[in-house]
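The values are calculated or read from the model by the stated rules, or taken from the named source; none is laboratory data. Note that the coordinates shown come from a computational prediction; the quantities given were computed from them, not determined experimentally. Cβ sites come from the backbone with ideal geometry, for glycine too, and all protein chains shown count toward neighbours. These accessible areas exclude ligands, DNA and RNA; they are computed on the full protein's heavy atoms, side chains included. Shrake-Rupley method; radii C 1.70, N 1.55, O 1.52, S 1.80 Å.
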Amino acid sequence: MKDKIWLSSPHMGGNELKYIHEAFENNWVAPLGPNVNGFEHDLEVFLNADIKVAALSAGTAALHLALIECGVEFGDEVICQSMTFSASANPIAYQGANPIFVDSENETWNMCPVALKEAIKDRLEIGKKPKAIIVVHLYGMPANMEEILSIAHEFDIPLIEDAAEALGSTYKGKCCGTFGRFGILSFNGNKIITTSGGGALVCHSQEDKDRAVFLSTQARDDAPHYQHSYIGYNYRMSNICAGIGRGQMEVLKDRVESRRAMATFYRDIFAKIDGVSVLTEPSSDFYSNHWLSAITVDSDKTGITRENLRLALLEDNIESRPLWKPMHLQPIFANSPYYGGENAENLFNNGLCLPSGSNLTQDERIRIEAAIKRAFTI
Ligand SMILES: *Cc1c(COP(=O)(O)O)cnc(C)c1O
């Protein structure tokens, strides 16, 4: 059996161990310390403007805190892009609130502004003003932020950007994750950079960041004994993980370049195959980190389905994965309201994510190209 080619695997830069050693030497083996502060600072510099970042244990934890800071409580409604990973929606349920799912548009595969507006108007009519909107920048592709933001402003609903997959992506030159009331990032093992596991909440004020740090460290009141006036969480990032993050920040720009080169690699291959389209920026306003390269297959034209392609790749031990199954089609959210048409469903039925790691070798790329060409018999 040939070596496995992964969809997206961790890619160390070299200095991660240096920061971890420093942590051990100074005994900062705790969920606080110089690496946590340093990693937050690196992210703030990278995202620029007046951004404040709180490093946390996971992107999911960051979303949970964003919802809490937006005042989402039991019985509230929160609008969420349907086409996403379940971690975008689960924190809504953690709060005892109800998700309202919205379809995607075909250009970016992200939240459709028309369906979003329809959803808000309909919820208002039945007397339920949504407490927040969660928009996702799927596979690194920025959502249509101008329209989404203007709708959020029009109805005065806070926007939370799930930029878990989009560190290094920009829309009109501004970093994804910095548009909304809050943004969230993920540093899980498969993301563009990793801390093995981790996340961050992107804030626009020191006050919001302080609140996130307070809640993520068990909500301890200022007292010599342990005193609590709020329910707290154990969501802070470990100083060891943050050391990995500092090393990764040194190579983030290279990682974005490499992932973008993988998207070009696939565009070149599929330019010769009628009926396959590669997710591509709709205009120069959009700059994707191309965390994952993703395609849709029109089986009427190609004669094969995305599932045929997936299995053909698997035969050569190459991992690929269908696009996210929309949340409104998931058993756990079967009873949640949904607005829009069948774009997200069609994307799921016809779409596939291809190996996109920044560490793929030339030999691995040759194997991938050959396997794709075999599948399409060209
Ligand atoms: C990875 C991911 C998350 C969750 O991040 P974790 O750090 O794994 O908790 C949330 N949303 C999206 C879109 C993701 O891809």
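Would you confirm, using the coordinates I've provided, whether S216 is in the same structural domain as F39 (by TED's automatic domain parsing), within 16 Å of the ligand (Cβ to nearest atom), open to solvent by less than 30 Å² (accessible area, probe 1.4 Å) and under 12 Å from the mean Cα position of the chain (by Cα)? So S216 fails the test. Output yes when any residue across region 26-40 is farther than 14 Å from I240 by Cβ, surrounded by 18 or more Cβ atoms within 10 Å (Cβ to Cβ) and of a type outside the set (V, I, T), and no when none is. Among the residues of region 26-40, at least one is farther than 14 Å from I240 by Cβ, surrounded by 18 or more Cβ atoms within 10 Å (Cβ to Cβ) and of a type outside the set (V, I, T), which makes the answer yes. Any residue in region 243-257 that is surrounded by 14 or more Cβ atoms within 10 Å (Cβ to Cβ), of a type in the set (S, T, N, Q) and under 18 Å from the mean Cα position of the chain (by Cα)? Checked region 243-257: at least one residue is surrounded by 14 or more Cβ atoms within 10 Å (Cβ to Cβ), of a type in the set (S, T, N, Q) and under 18 Å from the mean Cα position of the chain (by Cα). So which of A58, A66, A62 ends up being open to solvent by 20 Å² or more (accessible area, probe 1.4 Å), of a type in the set (G, A, S) and touching a Phe, Trp or Tyr at 6+ places or on another chain (Cβ under 9 Å)? Selected residue: A58, the only one of A58, A66, A62 that is open to solvent by 20 Å² or more (accessible area, probe 1.4 Å), of a type in the set (G, A, S) and touching a Phe, Trp or Tyr at 6+ places or on another chain (Cβ under 9 Å).
Assess whether S196 counts as being more than 16 Å from the ligand (Cβ to nearest atom) and modelled with pLDDT of 95 or more. Talk me through it step by step, then tell me what you get.
On the way: more than 16 Å from the ligand (Cβ to nearest atom): no; modelled with pLDDT of 95 or more: yes.
Criteria not met by S196.
Would you list the helices (runs of 4 or more DSSP H) that sit entirely within region 7-76 and hold 3 or more residues that are away from the ligand (no atom under 14 Å from the Cβ)?
Working: elements: 16-25, 34-47, 59-69.
Because the criterion is at least 3 residues that are away from the ligand (no atom under 14 Å from the Cβ), the helices (runs of 4 or more DSSP H) in region 7-76 that meet it are 16-25, 34-47.
The combined condition, being surrounded by fewer than 21 Cβ atoms within 10 Å (Cβ to Cβ), of a type outside the set (G, A, S) and under 25 Å from the mean Cα position of the chain (by Cα), is not fulfilled by P355.
Screening region 115-137 for residues that are among the aliphatic types (A, V, I, L, M) and free of Cβ contacts under 8 Å to residues at least 40 places away in the same chain and picking the one that is surrounded by the fewest Cβ atoms within 10 Å (Cβ to Cβ) gives I126.
The residue that is nearest to the ligand (Cβ to nearest atom), among those in region 77-94 that are open to solvent by less than 20 Å² (accessible area, probe 1.4 Å), within 26 Å of I193 (Cα to Cα) and outside any helix (DSSP H, G or I), is T84. Listed by first and then second residue, the pairs linking a residue in region 176-203 that is under 20 Å from N48 (Cα atoms) to a residue that is away from the ligand (no atom under 11 Å from the Cβ) and among the basic types (K, R), with Cβ atoms under 7 Å apart and 6 or more places separating them unless they lie on different chains, are I192/R255; I192/R259; I193/R255; C203/K52; C203/K209. Here the condition is being near the ligand (Cβ under 10 Å from one of its atoms) and either farther than 18 Å from E44 by Cβ or of a type outside the set (D, E, K, R) (or both); of A223, A163, it holds for A163 alone.
Which of the residues belonging to region 159-204 are out of contact with any Asp or Glu (no Cβ under 6 Å at 6 or more places or on another chain) and open to solvent by 40 Å² or more (accessible area, probe 1.4 Å)? G173, K174, R181, N188, N190, S196, H204, listed by residue number.
In region 370-378, is there at least one residue being modelled with pLDDT of 95 or more and polar (S, T, N, Q)? Within region 370-378, not a single residue is modelled with pLDDT of 95 or more and polar (S, T, N, Q).
Specify which of the listed residues (I148, I126, I120) is within 16 Å of the ligand (Cβ to nearest atom) and out of contact with any His (no Cβ under 7 Å at 6 or more places or on another chain). Working first, answer last.
On the way: I126 fails: within 16 Å of the ligand (Cβ to nearest atom); I120 fails: within 16 Å of the ligand (Cβ to nearest atom).
Just a single option satisfies the conditions, and that option is I148.
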